[in-house]
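Everything on this sheet refers to the single structure shown next.
The numbers here are math on the coordinates, done by the rules we state, and not lab data. Keep in mind the model is a prediction, meaning the values are calculated, not measured. As a convention, Cβ positions derive from the backbone with ideal geometry for all residues, glycine included, and neighbour counts pool all protein chains shown.
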Amino acid sequence: MAFNLHAILACPARIGVAASLHALVSCAALSVVATCMSTLCMLSLCMLALAPRAHAQTTFADAHPVFVARCSGCHAVVGFGGFNIAYPDPVSAYTDAQAPSYYSPGQTKGYASVVRMLDGTMPMNGGCTGNPALDAGNPLCATAGELAIVQAWIAEGQLPPLAMTGTSFCSGHQDPTPCPCGNAGLPSAGCAHAANELGARLVGRGSASLAQDGLVLEATRLPASSALFIQGDAAAGTGQGQVFGDGLLCVTTNVVRLRTRTPIAGTARHPAPGDAPLSVQVQAPGSVKHYQVLFRNAASYCTSSTWNGTNGLRVTWTP
Ligand code: HEC
């Protein structure tokens, strides 16, 4: 297994908030989980566990079993701390996880949950430190793999427990086309932009079936400017995109401009009620379509150009 020290060292520096949880969760998405807290790091006892994670999108469906395994005693029914993140039904548990936290003001209780698993204050009286190497042998404590999942869930945007449609590609992490200024966002997102260092992200939800088209494209972490949804028949630049403004253009061949939208709180969706369904632009069952959202990025960032984009999303349409 490759030990990607460069990614570990480069990440907090790029983010500029060294040793904060924010940096830790961002780094987690680079397949590296720093299972240490800042004090341990300062003592040079920092344990870096490598978490071999696929770059799939982590939803609450992945994180919920970890909370059920570790937190049920007090957060399944009893509701200590005002929430039940381990409630058996993941939809209810997710709703509770999105309530505002008192432990991490300005964040959700889900975010605070990961903070408290890492700082060793939860599970309460479990005798855990938050460092899985030190906690090995204590059955109450989360394993390195479990921590990697909940950290990825936070880093990738605390997604609800919904099934996702399509596969992310062209995130500016891979050769031969990295982000133009080394400004990679998260692995499943576009390049970082002035309004969001994690990069804007495109996901698909709902059924990509020609007979029962329920597919909705959803872009998040967008700046407050117009966002253009496009579709192409192929992935640009052998799948890794081509440089375009401050980011990458991910799609090519028969490019269709689907819709321009103004994001609300950083999020834009297509189609919206009243729009033609996406399948109108699909010729035949089995067609593979490539989607992306391009957006204006007026602030000077990376290059003098004012464009950037999300990751690409590859969807295979079934009959
Ligand atoms: C033995 C009981 C117990 C267990 C097990 C437990 N907790 Fe808690 N939890 C509490 C109590 C009591 C509080 C309220 C007091 C406090 O915040 O310290 C609390 C509060 C919290 C809060 C604060 C909520 C907020 O708004 O900020 C979070 C987050 C939390 N717990 C996460 C977890 C997670 C994650 C787990 C599992 C890894 C867990 N707890 C396991 C007893 C427990």
log10 of Debye I(q)/I(0), alpha-carbon scatterers only, for region 60-155 at 0.13, 0.15, 0.18, 0.23 Å⁻¹: -0.37, -0.50, -0.73, -1.24
Inter-part distance where region 165-194 and region 62-103 are each reduced to a Cα centre, Å: 32
Rounded to whole Hz, the Karplus (6.51, -1.76, 1.60) HN-Hα couplings of region 184-189, x for glycine and proline: 5, x, 6, x, 9, 10
Taking the C-alpha atoms of region 61-106, convex hull volume expressed per residue in Å³: 72
Normalised contact order of region 60-155, rounded percent, pairs of Cα under 8 Å and 6 or more residues apart: 22
Cβ-defined net charge surrounding V315, 14 Å radius [Lys, Arg +1; Asp, Glu -1]: 0
Cα shape, region 218-278, gyration tensor, a/c 1.5 rule: oblate
